[in-house]
Amino acid sequence: MDELVERVDEQDRVLAVVGRSEAVRRGWLHRIAATVCRDGEGRILVHRRSEHVPRFPGHYEAMVGGAIAVGETYEEAAGRELAEEMSVRTSVRFVVKFLNRNGLSPHWLGIHEAVVLTPPDPDPDEVMWHGWLPETELHPFMLQHPFTPDSQEALSRYRVAVRRPSGRICPSR
């Protein structure tokens, strides 16, 4: 059964409830929530999508996320997706939201951050590999492996949003 999402406008206001596959097929704006996970050392969780998922099978991602269900907030969806895909239950912190026109279809993307101090236990139907990378190794890794189309822009916006004027990453705790 197709998951229901809220079709939204250019100001992220709800217009209607529609099936996600229809929103993607018609290029209708809807909402996605994603989380950058960092461990206690500040490394970023990277994972490879299962070969069995319908969208971008076998591609890598540096964020865990998915569609926001009807009536959910960005933060609620980010926490739910983190629990469903990685079996991680922790608080998420909203970082930035932007209108993303990359990827499978246009959508509002809410990016969050979480500190993950327990080992993830990924759902094998969703994730075929995962590991932690220092931020300095992430860009070279992205050049060597296929990532989802919106990964580069999403990470770039995340990095800008969490930096202090000194250029250091803000603590997320």
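The values are calculated or read from the model by the stated rules, or taken from the named source; none is laboratory data. Since this is a predicted model, take the numbers as computed values, not measurements. Neighbour counts are summed over all protein chains in view; Cβ atoms, including those assigned to glycine, are modelled from backbone coordinates with ideal geometry. For the accessible areas, the whole protein counts, side chains as well, though only heavy atoms, and no ligand, DNA or RNA atoms are used. Shrake-Rupley method; radii C 1.70, N 1.55, O 1.52, S 1.80 Å.
Values for this structure:
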item	result
Set 77, 69: member being more than 16 Å from residue 96 (Cα to Cα) and not basic (Lys, Arg)	69
Residue match in the stretch 142-165 (condition: without any contact (Cβ under 8 Å) to a residue 40 or more places away in the chain, surrounded by fewer than 20 Cβ atoms within 10 Å (Cβ to Cβ) and in a loop (DSSP other than H, G, I, E, B))	yes
Those residues of the stretch 107-127 which are farther than 27 Å from residue 52 by Cα and assigned to a loop (DSSP other than H, G, I, E, B), in sequence order	117
Pairs where the first residue, in the stretch 13-29, is among the hydroxyl-bearing types (Ser, Thr, Tyr) and the second is open to solvent by 50 Å² or more (accessible area, probe 1.4 Å), C-beta under 6 Å, 6+ apart	21/2
Hey, residue 113 over 16 Å from the mean Cα position of the chain (by Cα), open to solvent by less than 50 Å² (accessible area, probe 1.4 Å) and at negative phi or not	no
Criterion violated by residue 124 - all others in (1) surrounded by fewer than 12 Cβ atoms within 10 Å (Cβ to Cβ); (2) within 17 Å of the chain's Cα centre (by Cα); (3) touching a residue at least 60 places away in the same chain (Cβ under 8 Å) satisfied	(2)
Any strands (runs of 3 or more DSSP E) falling wholly within the stretch 1-106 and containing at least 2 residues that are open to solvent by 50 Å² or more (accessible area, probe 1.4 Å), of a type outside the set (Asp, Glu) and in contact with a strand residue (DSSP E or B) (Cβ under 6 Å, 6 or more places away or on another chain)	4-8, 14-19, 93-100
